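*Asks:* The structure is given below, and queries will be raised subsequently.
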Amino acid sequence: MTGRKEQITPGQMSVLITATTLGSSIVFIPHPLAHYAGQYAWISASLAAVFGTLMLAAVLYLNRAHRGRSIMEYSAALFGKPLSGLMFFIVLLMLLFAVSAIVSGIGDFFSGVMMKETPAYIFNATSLFAAAATVRAGIKVTARMFVLLLTVMVAFISAVLVLAIPLYHSGMLLPIWPREMARPVLHGLLLTAGFPFGEIFLYALLIHLVPAAPGAAPWRGKLYKGYALAAALLIMAVLCSSMAFGPASDVFIYSLFKLASEIHIGDMMERTESIVGIALILGSYMKATVYLYMLNLIVKGWLPFKDERTAVYPLALMCLFLSLTLFDSPADFFSQVYVIWPFAVLLVGGTFLTLHAGMTAIRGTGKGA
Amino acid sequence: MIVRLGFSVALFAALAVAQGASVKKMRGKELAAFTLLLLPVLYQDAIYVRQADWPSLPELMGVLLKTPAAALDRFLASGGNG
């Protein structure tokens with residue numbers, strides 16, 4: 001991150017979108033989704049993916065209408081600084097919560113299933129330090145590095161889903177005791193439309209980093225492709241988890257990790273879950289990094305720092321302390337992350353995008369456009 | 001408490017090492033802004049070290065949204081899970 005304006009290519013932006021949509025949700029979502037929607041989990045996830053596409057379309061509409069200006073610039077022009085500042089303050093709170101929850105999830109995952117004797121704060125601190133150091137290196141370096149990490153993550157997820165084929169029973173997708181379908185599907189939809197698909201609204205903060213050169217080849221399709229890849233993998237993970245474990249998929253907190261542990265191919269491939277676990281947690285690290293970058297983007301828009309990286313470490317420190325204090329128990333984590341957070345994303349994200357898109361449609365591109 | 005205090009002292013020492021030189025060069029508004037940025041960090045650190053039950057910034061939003069989110073969750077959960 002340097003003094004000059006940072007830019008990334010559309011391909012790199014699509015990598016970031018894939019990484020953040022898949023990251024952390026691939027580890028955490030199958031469990032609460034199965035809890036809410038049972039065998040209909042994949043239907044909820046598919047519907048939520050469509051909702052996320054609409055959010056992405058709104059983000060791209062804003063980017064097109066405002067010709068590559070940052071959302072903080074045109075938001076102030078559209079709504080005035082006080083109202084715009086209030087909206088970004090709410091988004092800032094959401095990002096603080098999101099980074100803390102992601103990092104807390106990394107700590108819980110490692111101290112819960114892989115290194116049980118090591119306290120979670122060690123993992124929280126190292127993950128956040130890695131994320132902060134990556135943010136300080138700049139968005140271009142981040143995006144380039146994530147190409148490799150995302151490839152590793154997607155390859156491992158795909159390998160697990162393919163190697164576990166003998167464990168799948170399609171009959172598990174049928175309801176055991178057919179009851180109402182609408183509310184479980186809606187419940188799952190509410191969850192996944194907020195986490196992770198609705199979170200795509202946060203890309204309104206980043207999308208201006210892709211240069212809007214006049215006459216350049218259309219690039220927005222790449223972003224849809226990146227998003228579609230993430231959505232497809234997530235839906236497949238949910239579907240495969242349901243087919244492998246049936247109603248019990250709501251028991252395993254990290255079902256893809258559990259699925260990997262069930263893979264035995266002769267004597268040559270056993271206990272693959274540790275490698276898979278690390279690959280899965282890479283997603284959480286990537287998501288925390290991108291969200292920390294967004295946090296820094298908002299803060300540097302408000303505070304007069306000469307060096308754009310000044311706020312990164314203090315923000316990371318703040319998220320670290322939040323990650324260690326926000327959640328009193330696993331039940332509290334469940335309530336905050338799977339009940340309140342999706343609702344907050346839908347309410348705040350939906351309102352945020354609707355207001356900006358609506359005002360843009362009514363008033364054009366705002367003063368100073 | 002001692003472990004938590006030691007951990008947070010180590011973290012702030014690391015921050016001082018990483019940014020001490022650039023903070024020394026700061027003047028006026030920039031220094032004030034950095035101090036302002038550190039205030040919520042210190043507050044959050046105090047909550048962590050003391051394990052105090054004080055409200056944190058993101059919880060402000062949770063307080064507002066908890067009731068409607070929980071009500072919607074209860075309504076949808078009452079439909080059974082197939």
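*Asks:* Can you tell me which of A:GLY68, A:GLY107 is outside any helix (DSSP H, G or I) and not basic (Lys, Arg)?
*Replies:* Working: A:GLY107 fails: outside any helix (DSSP H, G or I).
None of the other options fit; the residue is A:GLY68.
*Asks:* Only one residue in A:LEU174, A:LEU189 is surrounded by 13 or more Cβ atoms within 10 Å (Cβ to Cβ) and at pLDDT below 95. Which one?
*Replies:* Numbers: A:LEU174 fails: surrounded by 13 or more Cβ atoms within 10 Å (Cβ to Cβ).
Result: A:LEU189 is the single residue among A:LEU174, A:LEU189 that is surrounded by 13 or more Cβ atoms within 10 Å (Cβ to Cβ) and at pLDDT below 95.
*Asks:* (1) under 23 Å from A:ALA101 (Cα atoms); (2) hydroxyl-bearing (Ser, Thr, Tyr); (3) within 14 Å of chain B (Cβ to nearest Cβ): which one isn't true of A:TYR40, the others all being true?
*Replies:* Answer for A:TYR40: the failing condition is (1).
*Asks:* Across segment B:36-67, which residue is farthest from B:ARG4 (Cα to Cα) among those that are of a type outside the set (A, V, I, L, M, F, W, C) and either touching a Lys or Arg at 6+ places or on another chain (Cβ under 6 Å) or at the interface with chain A (Cβ under 7 Å from one of its Cβ atoms) (or both)? Steps first, please.
*Replies:* Here is the first cut: in segment B:36-67, the residues of a type outside the set (A, V, I, L, M, F, W, C) are B:40, B:43-45, B:48, B:50-51, B:53, B:55-56, B:58-59, B:62, B:66-67.
Cutting the leftovers down to either touching a Lys or Arg at 6+ places or on another chain (Cβ under 6 Å) or at the interface with chain A (Cβ under 7 Å from one of its Cβ atoms) (or both) gives us B:40, B:44-45, B:48, B:56, B:58, B:62, B:66.
Numbers: B:PRO40: 18, B:GLN44: 13, B:ASP45: 9, B:TYR48: 7, B:SER56: 18, B:PRO58: 22, B:GLY62: 26, B:LYS66: 29 Å.
Filtering first and then ranking leaves B:LYS66.
*Asks:* Can you find, within segment B:25-35, the residue that is nearest to the other protein chains (Cβ to nearest Cβ) among those that are exposed (fewer than 13 other Cβ atoms within 10 Å of the Cβ) and assigned to a helix (DSSP H, G or I)?
*Replies:* Among those that are exposed (fewer than 13 other Cβ atoms within 10 Å of the Cβ) and assigned to a helix (DSSP H, G or I), it is B:LYS29.
*Asks:* If you scan segment A:247-272, which residues turn out to be more than 14 Å from chain B (Cβ to nearest Cβ) and part of a loop (DSSP other than H, G, I, E, B)? Give the steps one after another, and end with the answer.
*Replies:* The first filter runs over segment A:247-272 and keeps only residues more than 14 Å from chain B (Cβ to nearest Cβ), leaving A:252-272.
The answer is A:PHE252, A:ILE253, A:TYR254, A:GLU262, A:ILE263, A:HIS264, A:GLY266, A:ASP267, A:MET268, A:GLU270, A:ARG271, A:THR272.
*Asks:* Just to verify a result, which residue in segment A:290-335, among those that are in a helix (DSSP H, G or I) and among the aromatic types (Phe, Trp, Tyr), is farthest from the chain's Cα centre (by Cα)?
*Replies:* So in segment A:290-335, the residues in a helix (DSSP H, G or I) come out as A:290-302, A:312-325, A:330-335.
Checking which are among the aromatic types (Phe, Trp, Tyr) leaves us with A:291, A:293, A:302, A:313, A:321, A:333-334.
Numbers: A:TYR291: 9, A:TYR293: 13, A:TRP302: 25, A:TYR313: 21, A:PHE321: 21, A:PHE333: 17, A:PHE334: 17 Å.
Here the residue is A:TRP302.
*Asks:* So, A:ALA45, is that one buried (at least 19 other Cβ atoms within 10 Å of the Cβ), over 30 Å from A:ALA311 (Cα atoms) and not acidic (Asp, Glu) or not? Give the steps one after another, and end with the answer.
*Replies:* Details: buried (at least 19 other Cβ atoms within 10 Å of the Cβ): yes; over 30 Å from A:ALA311 (Cα atoms): yes; not acidic (Asp, Glu): yes.
Yes: the conditions hold for A:ALA45.
*Asks:* Please work out if A:LYS225 is at pLDDT 90 or above and either within 30 Å of A:ARG69 (Cβ to Cβ) or not in a loop (DSSP other than H, G, I, E, B) (or both).
*Replies:* Numbers: at pLDDT 90 or above: yes; either within 30 Å of A:ARG69 (Cβ to Cβ) or not in a loop (DSSP other than H, G, I, E, B) (or both): yes.
In short, yes.
*Asks:* When A:PHE123 is evaluated against the numbered criteria (1) away from chain B (no Cβ under 14 Å); (2) among the aromatic types (Phe, Trp, Tyr); (3) surrounded by fewer than 24 Cβ atoms within 10 Å (Cβ to Cβ), which criterion, by number, is the only one it fails?
*Replies:* (1) is the only condition that A:PHE123 fails.
*Asks:* Right, something else. Just checking, does segment A:56-66 include any residue being closer than 30 Å to A:LYS306 by Cβ, surrounded by fewer than 24 Cβ atoms within 10 Å (Cβ to Cβ) and aromatic (Phe, Trp, Tyr)?
*Replies:* no
*Asks:* Separate question: Could you check, for segment A:350-369, whether at least one of its residues is within 11 Å of chain B (Cβ to nearest Cβ) and touching a residue at least 40 places away in the same chain (Cβ under 8 Å)? If you could, list the steps in order and put the result at the bottom.
*Replies:* Going residue by residue through segment A:350-369, those that are within 11 Å of chain B (Cβ to nearest Cβ) are none.
No.
*Asks:* Only residues that are at the interface with chain B (Cβ under 7 Å from one of its Cβ atoms) and not polar (S, T, N, Q): list them for segment A:310-319, please.
*Replies:* Pass one, segment A:310-319, residues at the interface with chain B (Cβ under 7 Å from one of its Cβ atoms): A:310-311, A:313-314, A:317-318.
Within segment A:310-319, A:ALA311, A:TYR313, A:PRO314, A:LEU317, A:MET318 qualify.
*Asks:* Residues that are of a type outside the set (A, V, I, L, M) and surrounded by fewer than 24 Cβ atoms within 10 Å (Cβ to Cβ): does segment A:88-102 have at least one? Break it down into steps so the answer makes sense when it comes.
*Replies:* Let us first name the residues in segment A:88-102 that are of a type outside the set (A, V, I, L, M), namely A:88-89, A:97, A:100.
Still in the running and surrounded by fewer than 24 Cβ atoms within 10 Å (Cβ to Cβ): A:88-89.
Scanning segment A:88-102, I find at least one residue that is of a type outside the set (A, V, I, L, M) and surrounded by fewer than 24 Cβ atoms within 10 Å (Cβ to Cβ), so the answer is yes.
*Asks:* When only residues in segment A:239-270 that are closer than 18 Å to A:SER170 by Cα, over 21 Å from the mean Cα position of the chain (by Cα) and hydroxyl-bearing (Ser, Thr, Tyr) count, which is surrounded by the fewest Cβ atoms within 10 Å (Cβ to Cβ)?
*Replies:* Among them, the one singled out is A:SER249.
*Asks:* In this structure, does A:ILE17 turn out to be part of a helix (DSSP H, G or I), at pLDDT 90 or above and either within 14 Å of chain B (Cβ to nearest Cβ) or over 21 Å from A:TYR224 (Cβ atoms) (or both)? Give the steps one after another, and end with the answer.
*Replies:* Working: part of a helix (DSSP H, G or I): yes; at pLDDT 90 or above: yes; either within 14 Å of chain B (Cβ to nearest Cβ) or over 21 Å from A:TYR224 (Cβ atoms) (or both): no.
In short, no.
The values are calculated or read from the model by the stated rules, or taken from the named source; none is laboratory data. Keep in mind that what you see is a predicted model, and the values were worked out from it rather than measured. Glycine also receives a Cβ, built like all others from the backbone with ideal geometry; neighbour counts cover every protein chain displayed.
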